[in-house]
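A quick write-up on the structure given underneath.
The values are calculated or read from the model by the stated rules, or taken from the named source; none is laboratory data. Note that the coordinates shown come from a computational prediction; the quantities given were computed from them, not determined experimentally. Cβ: placed from backbone, ideal geometry, glycine included. Neighbour counts: every protein chain shown.
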Amino acid sequence: MNQEVTDYIEKIAQAWQADASRQIRQIIHQSVPEVQERIQYGKPHFLKNGKYMAVLGTAKAWVSLTIFNAQALQTPDGLFETSENGDRKTLKISQSQAVDEALLARLLAQAASTLP
């Protein structure tokens with residue numbers, strides 16, 4: 001795990017966002033053991049073989065996780081926002097929302113499997 005990503009998460013002001021970010025990071029590492037991480041554009045980015053797999057971020061009312069290479073992902077209706085061309089899916093987690101670990105693990109592993 002990259003120390004800059006750890007520092008980013010530790011500096012998140014809202015405790016629930018830091019907790020959700022730690023949980024998501026753990027899910028990413030468990031789902032894609034070969035994942036690499038770095039801070040880019042001020043946010044934690046997760047890569048497989050040098051290619052973008054996901055990015056984590058926070059805003060005032062949520063924690064967001066964008067999964068790249070998401071064209072083939074089957075996601076529950078209304079839970080993810082899909083980019084115009086369908087290559088990215090974004091989950092926004094609010095304070096009262098639990099992280100669905102099994103769903104995220106499955107989607108991350110599936111998206112990562114498309115990367116060479």
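Tabulated data
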read-out	value
The stretch 90-116 residues that are under 19 Å from Ser64 (Cβ atoms), paired with ones that are crowded, with 17+ Cβ neighbours inside 10 Å and of a type in the set (D, E, K, R) (beta carbon under 8 Å, 6 or more apart)	Leu107/Lys89; Ala112/Lys48
Residue list for the stretch 99-116, filter: of a type in the set (A, V, I, L, M, F, W, C) and within 14 Å of the chain's Cα centre (by Cα)	Val99, Ala102, Leu103, Leu104, Ala105, Leu107, Leu108, Ala109, Ala111, Ala112
Qualifying positions in the stretch 26-58 - aliphatic (A, V, I, L, M) and in contact (Cβ under 8 Å) with a residue 24 or more places away in the chain	Ile27, Ile28, Val32, Val35, Ile39, Met53, Ala54, Leu56
Pairs where the first residue, in the stretch 6-22, is free of Cβ contacts under 8 Å to residues at least 24 places away in the same chain and under 22 Å from Leu104 (Cα atoms) and the second is hydroxyl-bearing (Ser, Thr, Tyr) and surrounded by 14 or more Cβ atoms within 10 Å (Cβ to Cβ), C-beta under 9 Å, 6+ apart	Ala18/Thr58
In the stretch 10-38, residue surrounded by the fewest Cβ atoms within 10 Å (Cβ to Cβ) [restricted to those that are within 13 Å of the chain's Cα centre (by Cα) and β-branched (Val, Ile, Thr)]	Val35
All positions within the stretch 63-78 that are without any contact (Cβ under 8 Å) to a residue 40 or more places away in the chain and touching a Ser or Thr at 6+ places or on another chain (Cβ under 7 Å)	Ser64, Thr66
So Ser21, is it modelled with pLDDT of 95 or more, part of a helix (DSSP H, G or I) and touching a strand residue (DSSP E or B) at 6+ places or on another chain (Cβ under 9 Å)	yes
All strands (runs of 3 or more DSSP E) inside the stretch 50-98 with 2 or more residues being surrounded by fewer than 19 Cβ atoms within 10 Å (Cβ to Cβ) and either more than 10 Å from the chain's Cα centre (by Cα) or on the phi > 0 side of the Ramachandran plot (or both)	51-58, 80-82
